[in-house]
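Everything on this sheet refers to the single structure shown next.
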Amino acid sequence: MCLSRRDDMCITGKRHAFFVRYEVGIDERGVFCGVKIDLAANCGHSLDLSGSIVDRAMFHADNAYYLGDARITGYRCRTHTVSNTAFRGFGGPQGMVAIEQVIEHIASGPAGSAQAQLLWRARRQY
């Protein structure tokens, strides 16, 4: 079977789309005190690798930031669309984009900046 490019693009899986909801607490310096992030992935109509992709999105949800107290929850949503599949990032980019959106939101307000988050993490010992 040899599909046309148009048909191939319509029926093959794509990168998982994510819906992100978050609540965040910051102190007067703009540093995270706590964060709650919900990651809901459009997994399509079948399971395939979606579990691993959502897990990896959760693992990468802190990116380069110290979150303080964090609760990150992943949801695997079955939808009526074509099953989605893994690409090079395997869920990592979706998790990182989520926290970057949170950072953008904080940085646009008067209370904080992304640089404060990075400096706070650099001072923290593991």
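Antiparallel DSSP bridges in the chain: what percent, to the nearest 5?
Working: 9 of 19 bridges.
The answer is about 45 percent antiparallel.
Among the listed options (i) 0.91; (ii) 1.09; (iii) 0.99, the one matching Rg/Rh (Cα atoms, Kirkwood Rh) as calculated from these coordinates is (ii).
The residue among Gln101, Phe87, Phe18 whose Cα reaches farthest toward the positive pole of the charge dipole of the chain, with charges on the beta-carbon of Lys, Arg, Asp and Glu, is Phe87.
Quick note: the coordinates plus some simple rules give every number you see, no bench work behind them. Treat the numbers as computed from the prediction; the structure is a model and nothing was measured. Note that each Cβ is placed from the backbone with ideal geometry, even for glycine, and that neighbours are counted across all protein chains shown.
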